[in-house]
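Engineer: Mind looking over this structure? Questions follow.
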């Protein structure tokens, strides 16, 4: 749509044409959803915040005078809506943010008093252009949707989070960012430097070696296929062979987490043993696409089940041919967002 076409549609929308307004803003839905997800760490809430953005835009369309682009205007609204939503809220977490590694022999119940980070479906991902301003910005731009980056930026106060995303992820100039946040250029630059320093403390040590955010590599796909096969066969030795020595495994909303290959394998042993009271069942694994990382959806069939039921969406980080982190989101309600069914037939392979 050309600038001239935009002006015609904006004029129609201002005149009260809701279909014209929808045509105007819908093309930004995908990238605004990702922006809100980065800000909040929640896929569910990102959907709600995009709707809130469009509602605010519709109500205030008369105030859009074209001094900025429509896209910039919508980002201004979305960012402020996110800041409003974050006001006074606790940050979203993963289990390793709460306590030391867990004892594999001690089970824990899910925690409903914590707000957990959520995964993001790649099918709804529409990447935006990275900043090329500074070396730190290039690092951040590579990690804009990966779980490690999402978890790290949740450590930032909301305003610093907004500055970092606008400057280093979206590549906005300091002056434009300051105008959006109604602050000075100096305050924005100061907030950015503090945010980058905090980020360096919370990102994995090897972040500088990470590849650009892209589809998983062929090596990662091979590791993922081997992992899926090993889990389906309940082959602990094969799983252990795929894990890095210092692998970390978490499964929100369960607060326990495990550090190291031996602890992770021990945590699986009882749940895979059909003779154990802790037996979960047999698994079926289906490739998934989440956070631009190797991912898999797991389904489980208990002793009395006639189908495999949705269990978890697992996001893996793989380095040097081994799995260094597994984050399995145990929430069947997430499956529709990934276009995955709630159940699989027993004959499914």
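The values are calculated or read from the model by the stated rules, or taken from the named source; none is laboratory data. Values in this document were obtained by computation on a predicted structure and should not be read as measured data. Cβ atoms come from the backbone with ideal geometry, glycine included; neighbour counts cover every protein chain shown.
Engineer: Over 21 Å from residue 248 (Cα atoms), assigned to a strand (DSSP E or B) and either modelled with pLDDT under 95 or in the same structural domain as residue 228 (by TED's automatic domain parsing) (or both): is that true of residue 279 in this structure?
Structural biologist: In short, no.
Engineer: Is at least one residue of the stretch 201-223 at pLDDT 90 or above and more than 23 Å from residue 147 (Cα to Cα)?
Structural biologist: No, the stretch 201-223 has no match at all.
Engineer: Kindly establish whether residue 247 is in contact with a helix residue (DSSP H, G or I) (Cβ under 8 Å, 6 or more places away or on another chain), in a helix (DSSP H, G or I) and either in the same structural domain as residue 31 (by TED's automatic domain parsing) or surrounded by 15 or more Cβ atoms within 10 Å (Cβ to Cβ) (or both).
Structural biologist: no
Engineer: On to the next question. Confirm whether residue 267 is within 20 Å of residue 107 (Cα to Cα), in contact with a strand residue (DSSP E or B) (Cβ under 6 Å, 6 or more places away or on another chain) and modelled with pLDDT under 95.
Structural biologist: yes
Engineer: Here is a check on your reading of the model: is residue 174 at pLDDT 85 or above, surrounded by 15 or more Cβ atoms within 10 Å (Cβ to Cβ) and in contact with a helix residue (DSSP H, G or I) (Cβ under 7 Å, 6 or more places away or on another chain)?
Structural biologist: On the way: at pLDDT 85 or above: yes; surrounded by 15 or more Cβ atoms within 10 Å (Cβ to Cβ): yes; in contact with a helix residue (DSSP H, G or I) (Cβ under 7 Å, 6 or more places away or on another chain): yes.
For residue 174, the condition - at pLDDT 85 or above, surrounded by 15 or more Cβ atoms within 10 Å (Cβ to Cβ) and in contact with a helix residue (DSSP H, G or I) (Cβ under 7 Å, 6 or more places away or on another chain) - is met.
Engineer: If you don't mind, another one. Could you pull out the residue among 227, 299 that is modelled with pLDDT of 95 or more, surrounded by 21 or more Cβ atoms within 10 Å (Cβ to Cβ) and more than 26 Å from residue 111 (Cα to Cα)?
Structural biologist: Sole residue among the options that is modelled with pLDDT of 95 or more, surrounded by 21 or more Cβ atoms within 10 Å (Cβ to Cβ) and more than 26 Å from residue 111 (Cα to Cα): 227.
Engineer: Are any of the residues in the stretch 282-292 in a strand (DSSP E or B), farther than 16 Å from residue 340 by Cβ and over 17 Å from the mean Cα position of the chain (by Cα)?
Structural biologist: Restricting attention to the stretch 282-292, the residues satisfying the condition of being in a strand (DSSP E or B) are 282-290.
Cutting the leftovers down to farther than 16 Å from residue 340 by Cβ gives us 282.
From what's left, over 17 Å from the mean Cα position of the chain (by Cα): 282.
Checking the stretch 282-292: at least one residue is in a strand (DSSP E or B), farther than 16 Å from residue 340 by Cβ and over 17 Å from the mean Cα position of the chain (by Cα).
Engineer: Next question. Checking the condition surrounded by fewer than 21 Cβ atoms within 10 Å (Cβ to Cβ), touching a helix residue (DSSP H, G or I) at 6+ places or on another chain (Cβ under 7 Å), within 24 Å of residue 117 (Cα to Cα) and modelled with pLDDT of 85 or more, which residue from 194, 167 passes?
Structural biologist: 194
Per-residue answers, yes or no, for (1) closer than 28 Å to residue 181 by Cα; (2) loosely packed, with under 13 Cβ neighbours inside 10 Å:
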| site | (1), (2) |
| --- | --- |
| 17 | no, no |
| 30 | yes, no |
| 47 | yes, no |
| 80 | yes, no |
| 102 | no, no |
| 106 | no, yes |
| 111 | no, no |
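Table: residues versus (1) outside the structural domain of residue 30 (by TED's automatic domain parsing); (2) assigned to a helix (DSSP H, G or I); (3) in contact with a helix residue (DSSP H, G or I) (Cβ under 9 Å, 6 or more places away or on another chain); (4) free of Cβ contacts under 8 Å to residues at least 12 places away in the same chain.
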position: 58; (1), (2), (3), (4): no, yes, yes, no
position: 72; (1), (2), (3), (4): no, yes, yes, no
position: 77; (1), (2), (3), (4): no, yes, yes, no
position: 84; (1), (2), (3), (4): no, yes, yes, yes
position: 99; (1), (2), (3), (4): yes, no, no, no
position: 106; (1), (2), (3), (4): yes, no, no, no
position: 110; (1), (2), (3), (4): yes, no, no, no
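Engineer: Looking at (1) touching a strand residue (DSSP E or B) at 6+ places or on another chain (Cβ under 8 Å); (2) in contact (Cβ under 8 Å) with a residue 60 or more places away in the chain, can you tell me which one residue 215 breaks?
Structural biologist: Among (1) touching a strand residue (DSSP E or B) at 6+ places or on another chain (Cβ under 8 Å); (2) in contact (Cβ under 8 Å) with a residue 60 or more places away in the chain, the lone unmet condition for residue 215 is (1).
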